[in-house]
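A short worksheet on the structure shown next.
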Amino acid sequence: MKRNKIKTILSSEAARPSVLLKGWVRTRRDAKTFSFIEINDGSCLNNIQVIADDQLENYEQIKKLSTGSAVSVTGTMHDSPGKGQQWEIHAIKIEIIHIAQDDYPLQKKRHTDEFLRTISHLRPRTNKYGAAFRLRSRLCFAIHQFFQDRGFTYVHTPILTGSDCEGAGELFQVTTLDMDNPPRTDGKTDYQHDFFGKTANLTVSGQLEGEMFALALGDIYTFGPTFRAENSHTSRHASEFWMVEPEMAFCDLAEDMDYAEEFIKFLVDFVMTHCASDLALFAKFVDKNLMKTLETIVSKNFIRLPYSEAISILNQSGKNFSYDVFFGADLQTEHERFLSEEHFKQPVIIYDYPKTIKPFYMRINDDDQTVAAMDVIVPRIGEIIGGSQREERLDLLETRMDETGVSRQDHWWYLDSRRYGSVPHSGFGLGLERMVMLVTGITNIRDVIPFPRTPGSIEF
Ligand code: 4AD
Ligand code: MG
């Protein structure tokens, strides 16, 4: 007989005559001639109650089942007289697969997120983390659905690259050289002897390669792991995270912003429709305003605000920010959160940023001071999407590369795309973890990645 999942059992209307269930014991309590065993199999938040009576041949063993133990249960389904559950299973046979040691760290009481981070290998077994990682999985599915439904092609851009897309120099270098004794020429490490014959690093973005495919296939997206060696100890930055990056040919900044807004609304609506019971846990235990925040995102048009106006609003706010606000300043999380949380109380798209704080590939506006960049900022998180229209004019792109110290020689292939059939095109990047944070109310990025990598921390 095929194993049934609790999720399917609970969502089907009719009782099945018999079921086979495999899972882990959450709790067990004994009555006179029965043992009540709460079982969870990870398929959904709900446990199912199994009733084992003392007629079962291994009843003495069953009474030793501790929290965390694994069992296989064959039984029949019945209406449950107990509160808070529709069904219960009367066991015909319980096979004990494993008895967990009784020093199992996840006993019934609630644990802090800080403690659970130290046992990242066990925390998906808790209600909250199970729900978070199921939601993460559903979001990934929804991301693919959004783009596939709209005719986008999924492109796998490389993880090992030779270029620094964002030009921020926050790269993890990849080498096979012997670090204790590297080959040297003129006193410097000679990377001609390295694995690829030159320096290589982990990608900070698949955008540049993605653009090459957009200029062939029209609309594309990349979706994969991304690495940044920024030494920022914040609750919103990880050294390894997942980013989805669509790139659209024949698309300007206004249309880029339309896509970004439609995309976020689609994802929020998707989890509200398809992940209701997991979401309810977050609304109850993590963020009491969660549903209101999500409903606002789905129902209201995002505010569109030029960067210069954002600066005026911040300057007139009367707030004491730790970072100064002036034209040319990079907006910090405190500024972004003030705008989206306090001032507008909804998502805001800021656009036309000064060129001095943005990468070389963004399209220069006619004022020669700003670029066609946009960031989507949302309550609680700040920036969730960063994107732009790309510079499609060869001469202006070359000038920007020279100004920002990006090598034309290394990017000969990128420049080629502006020589042969160059067209206006745009795209953006959405951080998957920040999206999970948005829909769960979880405030620390370490708690939405299975095994977080942050400065000074690579356990597991
Ligand atoms: O704004 P960013 O740096 O943009 C890019 O990388 C562009 N190449 C995207 C594009 O236009 N194709 O990053 C995009 C998003 C951010 O808005 C944020 O959500 C997320 O990626 N992000 C991070 N998430 C977690 N940890 C980090 N260290 C992150 N850095 C960026
Ligand atoms: Mg950004």
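The values are calculated or read from the model by the stated rules, or taken from the named source; none is laboratory data. Every value quoted in this text rests on a predicted model; they were computed, and no experiment measured them. Here Cβ is always computed from backbone atoms with ideal geometry, including for glycine, and neighbour counts include all displayed protein chains. To get the accessible areas, we keep the full protein, side chains included, count just its heavy atoms, and leave off ligands, DNA and RNA. Shrake-Rupley method; radii C 1.70, N 1.55, O 1.52, S 1.80 Å.
The set of residues in region 230-265 being of a type in the set (Phe, Trp, Tyr) and away from ligand 2 (no atom under 14 Å from the Cβ) consists of TRP242, PHE250, TYR259, PHE263.
Within region 429-442, one or more residues are closer than 12 Å to ARG236 by Cβ and assigned to a loop (DSSP other than H, G, I, E, B).
Within region 336-350, the presence of a residue that is among the aliphatic types (A, V, I, L, M) and farther than 22 Å from ALA260 by Cα is excluded. Among the residues of region 84-101, those that are within 18 Å of PHE34 (Cβ to Cβ) and over 36 Å from the mean Cα position of the chain (by Cα) comprise ILE89, HIS90, ALA91, ILE92, LYS93, ILE94, ILE96.
Let's see how each residue does on (1) away from ligand 2 (no atom under 16 Å from the Cβ); (2) touching a Phe, Trp or Tyr at 6+ places or on another chain (Cβ under 6 Å):
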| position | (1), (2) |
| --- | --- |
| MET374 | no, yes |
| PRO379 | yes, no |
| ILE384 | no, no |
| GLN389 | no, no |
| ASP395 | yes, no |
| ARG408 | yes, no |
| SER417 | yes, no |
| VAL423 | yes, yes |
| GLY427 | no, no |
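If you go through region 28-39 one residue at a time, do you hit one that is under 32 Å from the mean Cα position of the chain (by Cα), under 27 Å from GLU459 (Cβ atoms) and surrounded by 15 or more Cβ atoms within 10 Å (Cβ to Cβ)? No, that holds for no residue. With respect to ILE349, is the statement that it is open to solvent by less than 10 Å² (accessible area, probe 1.4 Å), within 15 Å of ligand 1 (Cβ to nearest atom), among the β-branched types (Val, Ile, Thr) and at pLDDT 95 or above true? When the stated conditions are applied, ILE349 passes them. Taking region 289-400 and the helices (runs of 4 or more DSSP H) fully enclosed by it, the elements with 2 or more residues that are under 22 Å from the mean Cα position of the chain (by Cα) are at 290-299, 333-337.
No other residue among VAL371, VAL406 is more than 22 Å from HIS237 (Cβ to Cβ), within 15 Å of ligand 1 (Cβ to nearest atom) and touching a Gly at 6+ places or on another chain (Cβ under 6 Å) apart from VAL406.
Entry remark, region 199-228: residues being in a loop (DSSP other than H, G, I, E, B) and within 16 Å of ligand 2 (Cβ to nearest atom) number 5 in total.
Taking the criterion of being closer than 30 Å to ILE385 by Cβ and either open to solvent by less than 50 Å² (accessible area, probe 1.4 Å) or among the hydrophobic types (A, V, I, L, M, F, W, C) (or both), the residues of region 168-193 that qualify are ALA168, LEU171, PHE172, VAL174. Could you please find all residues in region 260-288 being part of a helix (DSSP H, G or I) and among the charged types (D, E, K, R)? Passing the criteria: GLU261, GLU262, LYS265, ASP269, ASP278, LYS284.
Could you tell me whether MET257 is outside any helix (DSSP H, G or I) and touching a residue at least 24 places away in the same chain (Cβ under 8 Å)? So MET257 does not fit the description; no. Looking only at region 229-254, how many residues end up being assigned to a strand (DSSP E or B) and buried (at least 19 other Cβ atoms within 10 Å of the Cβ)? Counting residues in region 229-254 that are assigned to a strand (DSSP E or B) and buried (at least 19 other Cβ atoms within 10 Å of the Cβ) gives 9.
Just give me the residues in region 415-434 being within 16 Å of ligand 1 (Cβ to nearest atom) and surrounded by fewer than 20 Cβ atoms within 10 Å (Cβ to Cβ), in sequence order. Hit for region 415-434 is PRO424, nothing else. Quick one: is ALA329 away from ligand 1 (no atom under 15 Å from the Cβ), under 26 Å from GLY441 (Cβ atoms) and not acidic (Asp, Glu)? For ALA329, the condition - away from ligand 1 (no atom under 15 Å from the Cβ), under 26 Å from GLY441 (Cβ atoms) and not acidic (Asp, Glu) - is not met. Residues in region 376-403 that are within 13 Å of ligand 1 (Cβ to nearest atom) and open to solvent by less than 10 Å² (accessible area, probe 1.4 Å): VAL376, ILE377, VAL378, ILE381, GLY382, ILE384, ILE385, GLY387, SER388, ARG390, GLU391.
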